[in-house]
Amino acid sequence: MSSFVGYANYFAVIILMMGGLYVIFSTSNLIKRMIGLSILQTSVGLFYITTSKVFGGTVPILIDEDDPARAELASRLDPAYFESAAYDGVVYSNPLPHVLILTAIVVGVATLAVGLAIAVRVREAYGTVEREEIERKDRIRHAHESYEDELDETEASEADA
Amino acid sequence: MTEYAPHLDTNTIVNFGLLAMLLAVLVAIVRTRSLLAAVLLMGIYSLISAVWFVVLDAADVAFTEAVVGAGVSTAFLLGAILLTRTESLTKRWQDMVMPGLVCVGAGVLLFYAALDLPLFGDPSAPANAHVGRFYIEETKNDVGVPNIVTAVLASYRGFDTLGETIVVFAGGIGVALMLGFGERSMGDLPPALRSPVMEALAESDHHVVLRSVAKLLIPIIALYAFYVQFHGEVGAGGGFQAGVIFAVAVILHALIFGLADTMDAIPPELARAFAALGVLLYSGVGVINMINGGNFLDYDHLFPLAFEAGLPGSHLSGGYHHWGQHFGIIIIELGVLFTVAATMIAMFYAFAGRAADVVGEGARG
Amino acid sequence: MADVLFWIDQLGMALALAGGILSVIGSLGVLRFPDLYTRLHAASITDTGAATLMLFGLALMAGFSQEALKLLIAWAFVMLTSPTASHALANAAWSSGQKPKLGAFSLMSGKREPAEADTASGEKGGAP
Amino acid sequence: MLLGATAAIMVAMVLMLVRAFIGPSNYDRILAANSFGTKVVLFIAVIGYLFGRPAYLDIAIVYALINFVTTIALMKFFRYRSLQASLSHRRVGEEARDG
């Protein structure tokens, strides 16, 4: 039982990550793929915070001495475990992953906005946001340009002939 | 020390319940055909993950995810859907098989790799026992700020946060370069370009209740943003969250009173200026520290040492107050507030303001 | 004095439990009601009711402290925003032409239109 | 008792999710999202007391506000398909007349 509790969080986060990846791979619509991307980013955040949680720990905000919450929190843990994990009378979760994920979320929104702006410009340039149609129109445009290049070359060769 | 064995307590049970909900929403997002439902479910997904962060003692992260995930990213996604005019998705089973196999393969590999990770909640895990423990113990005498996350974010890792603020600013510039600042749409709308829905607005809806409640709420949300900003060291909060909350207040004003009124209130030039001002303020504090003899962002040197020694209870004269750190953190959080709020507002103007061009789109192929 | 505080805590917890049960009943209502407008009733009324019960119960437990003030502020915002959002939603749904299933009537003329549901979905239980 | 209240709120959240998934019309989904947000505000408040450290009440307040903005954005998008149109009578009236 305890090994299940120990790894269940990691497995759930991995399933969410793979779900986000699947959404990115399977849809051809650019906007839906951005949604898949933000699911993936959120699940990375979930993974970091899973590793930061200390059993019986509380929010990493220092509690001052006279706060009644100290006794309340201490009463919930068995003493043997309490000595090893506590810092001056309170067990705190690890604050470091919180800092990383906090900025990752805000930067994630900035990149989401830039990605959506690109999608809007792709829509205005190609008239669609579906991946296949964009590739098809690209091929047509390349074929068109290469045909024009040949025309220019033939005219150039005739001109100097 | 007893060998740590994770056992079920209320915290873990609630955590599993929320993870189950997240998986259910994920399945719904994967299966849905309508893009609008996907955006709405994305809002619910980020909301549940915000609550999950609360359950796992990550107050600041929950704050950011709740504010950013539901408020701002939903507005951007809706703006993008409006501009790209795609609302339903075509799904063919051929392009489901291969991605499914790849994801299942990668998932199995990750499962195998996860078996070596420390058990969930283990205090003696290397991350929690050494590095995390250092910051829990040293914050009181280095920075003297109760909220360890804000102390690490602003003081220990101040240089990285400056980098992140510049990344948000650069994101704003990127969106502005691609979508403009939304001014073009504020010109008078020629009748030919007006979308039919605008007429429907004229007589049938008058939304009196919505407008009066919005008039009441917008100043409260803006005030709450400053509360979150200034009590960032004591409780959960800080520059990022406050900036996004302020942007959400402006977005609410734009949603109800129209983008034209909001642009009269907060012109795009002001948003551009404040975005740059925030980054200037942040790096200015660093330069002041260097002038006073410290490193680039070492707030102990924010004030000249003689002046700080004279302050009541300063750590230089026997007390334990780090006045330089307190004021340094408040000022750079203010810089982050300006940049994040102005950038989010500029991005919303770019997305919402561009609609008029696309309405008359047919010109470009 | 200690037992008074104990009983206040118990009362607070009981109120919180009552709020929780009320919100479950509300959610059941949202699931089972036939169309949007009745679901709006189920959702918004029980939301504000459960919010009042629960937040006041927790405020009792918090006593005279900053937490109690924050709980009351959260209560005030929920009471302000939830009904407004439901009103705006009903207004938007109505003006977009979504008629209620049971006994549709037209606002302007005041007379009863035959309920669209009878003709569209062919339900036998037409409006009385 | 608090555990009972937490369990009840979680059941209510799950039921609201079901409505969000099957909701026939998009307005049902907005309704489910709005009600889900309000239930989350209560859930955050209750687990603050269940785990003995009510440090999250700021998040409950923020969430009561943000949920309103999201509902209004979604509602306006579904109904008017435009994020810039104004809902206030004064501005709309002028545009309609001289438009």
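The values are calculated or read from the model by the stated rules, or taken from the named source; none is laboratory data. Keep in mind that this is a model prediction, so the values were computed, not measured. Every residue, glycine as well, gets a Cβ built from its backbone with ideal geometry; the counts of neighbours run over all protein chains shown.
Looking at this structure, is residue D:31 buried (at least 23 other Cβ atoms within 10 Å of the Cβ), in contact with a Lys or Arg (Cβ under 8 Å, 6 or more places away or on another chain) and of a type outside the set (Ser, Thr, Tyr)?
So residue D:31 fits the description; yes.
Which number in (1) in a loop (DSSP other than H, G, I, E, B); (2) at pLDDT 85 or above; (3) among the polar types (S, T, N, Q) marks the one condition that residue B:295 misses?
Just one mismatch for residue B:295, condition (2).
Looking only at the stretch B:218-232, decide whether some residue is more than 7 Å from every other protein chain (Cβ to nearest Cβ) and within 16 Å of residue C:88 (Cβ to Cβ).
yes
Given B:288, B:251, B:256, which one is over 20 Å from the mean Cα position of the chain (by Cα), in the same structural domain as residue B:218 (by TED's automatic domain parsing) and more than 25 Å from residue B:162 (Cα to Cα)?
On the way: B:288 fails: more than 25 Å from residue B:162 (Cα to Cα); B:251 fails: over 20 Å from the mean Cα position of the chain (by Cα).
Going through B:288, B:251, B:256 in turn, just one is over 20 Å from the mean Cα position of the chain (by Cα), in the same structural domain as residue B:218 (by TED's automatic domain parsing) and more than 25 Å from residue B:162 (Cα to Cα): B:256.
Looking at the stretch D:20-31, which of the residues that are touching a residue at least 12 places away in the same chain (Cβ under 8 Å) and either within 7 Å of chain C (Cβ to nearest Cβ) or aromatic (Phe, Trp, Tyr) (or both) is farthest from residue B:57 (Cα to Cα)?
For the stretch D:20-31, the residue satisfying everything is D:27.
Conditions first: (1) closer than 30 Å to residue D:72 by Cα; (2) at the interface with another protein chain (Cβ under 7 Å from one of its Cβ atoms); (3) part of a helix (DSSP H, G or I); (4) not hydrophobic (A, V, I, L, M, F, W, C). Residue B:135 passes all but one, so which condition is the exception?
(1)
For residue B:162, state whether it is part of a helix (DSSP H, G or I), under 22 Å from residue B:265 (Cβ atoms) and modelled with pLDDT of 90 or more.
Working: part of a helix (DSSP H, G or I): yes; under 22 Å from residue B:265 (Cβ atoms): no; modelled with pLDDT of 90 or more: yes.
No.
If I filter the stretch B:12-25 for residues that are more than 7 Å from chain A (Cβ to nearest Cβ) and under 30 Å from residue A:123 (Cα atoms), do I get at least one hit?
yes
For the stretch B:140-172, which residues satisfy the criterion of being among the aliphatic types (A, V, I, L, M) and free of Cβ contacts under 8 Å to residues at least 24 places away in the same chain?
Of everything in the stretch B:140-172, those that are among the aliphatic types (A, V, I, L, M) and free of Cβ contacts under 8 Å to residues at least 24 places away in the same chain turn out to be B:148, B:152, B:167, B:170.
Table: residues versus (1) hydroxyl-bearing (Ser, Thr, Tyr); (2) in a helix (DSSP H, G or I); (3) more than 8 Å from chain B (Cβ to nearest Cβ).
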| site | (1), (2), (3) |
| --- | --- |
| A:97 | no, yes, no |
| A:107 | no, yes, no |
| A:135 | no, yes, yes |
| A:141 | no, yes, yes |
| A:157 | yes, yes, yes |
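Need pairs with beta-carbon distance below 6 Å; first residue within 7 Å of chain A (Cβ to nearest Cβ) and free of Cβ contacts under 8 Å to residues at least 24 places away in the same chain and within the stretch B:82-95, second part of a loop (DSSP other than H, G, I, E, B) and surrounded by 11 or more Cβ atoms within 10 Å (Cβ to Cβ); sequence gap 6+ or separate chains.
B:84/A:129
How many of the residues in the stretch C:1-44 are buried (at least 22 other Cβ atoms within 10 Å of the Cβ) and basic (Lys, Arg)?
So the answer is 1.
List the number of the failed condition for residue D:73; all other conditions in (1) in a helix (DSSP H, G or I); (2) more than 7 Å from chain B (Cβ to nearest Cβ) hold.
Going through (1) in a helix (DSSP H, G or I); (2) more than 7 Å from chain B (Cβ to nearest Cβ) one by one, residue D:73 breaks only (2).
Residue-by-condition table, conditions (1) in contact with a Ser or Thr (Cβ under 8 Å, 6 or more places away or on another chain); (2) over 30 Å from residue B:347 (Cβ atoms); (3) surrounded by 13 or more Cβ atoms within 10 Å (Cβ to Cβ); (4) not hydroxyl-bearing (Ser, Thr, Tyr):
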{"site": "A:76", "(1), (2), (3), (4)": "no, yes, yes, yes"}
{"site": "A:85", "(1), (2), (3), (4)": "no, yes, yes, yes"}
{"site": "A:100", "(1), (2), (3), (4)": "no, no, yes, yes"}
{"site": "A:132", "(1), (2), (3), (4)": "yes, no, no, yes"}
{"site": "A:139", "(1), (2), (3), (4)": "no, yes, no, yes"}
{"site": "A:158", "(1), (2), (3), (4)": "no, yes, no, yes"}
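Restricting attention to the stretch A:58-80, which residues are assigned to a loop (DSSP other than H, G, I, E, B), within 11 Å of chain B (Cβ to nearest Cβ) and out of contact with any strand residue (DSSP E or B) (no Cβ under 6 Å at 6 or more places or on another chain)? Talk me through it step by step, then tell me what you get.
Step one: filter the stretch A:58-80 for residues assigned to a loop (DSSP other than H, G, I, E, B), giving A:59-60, A:62-68, A:76-78.
Those still in the list that are within 11 Å of chain B (Cβ to nearest Cβ) too: A:59-60, A:62-64, A:67, A:76-78.
Answer for the stretch A:58-80, where residues must be assigned to a loop (DSSP other than H, G, I, E, B), within 11 Å of chain B (Cβ to nearest Cβ) and out of contact with any strand residue (DSSP E or B) (no Cβ under 6 Å at 6 or more places or on another chain): A:59, A:62, A:64, A:67, A:76, A:77, A:78.
Return the total of residues in the stretch C:30-73 being part of a loop (DSSP other than H, G, I, E, B) and of a type in the set (D, E, K, R).
1
Quick one: which of D:42, D:17 is more than 9 Å from chain C (Cβ to nearest Cβ) and in a helix (DSSP H, G or I)?
Numbers: D:42 fails: more than 9 Å from chain C (Cβ to nearest Cβ).
Among D:42, D:17, only D:17 is more than 9 Å from chain C (Cβ to nearest Cβ) and in a helix (DSSP H, G or I).
With of a type in the set (Asp, Glu) and in contact with a Lys or Arg (Cβ under 8 Å, 6 or more places away or on another chain) as the only criterion, which of C:3, C:47 stands out? It would help to see each step written out before you state the result.
On the way: C:3 fails: in contact with a Lys or Arg (Cβ under 8 Å, 6 or more places away or on another chain).
Exactly one of C:3, C:47 is of a type in the set (Asp, Glu) and in contact with a Lys or Arg (Cβ under 8 Å, 6 or more places away or on another chain), namely C:47.
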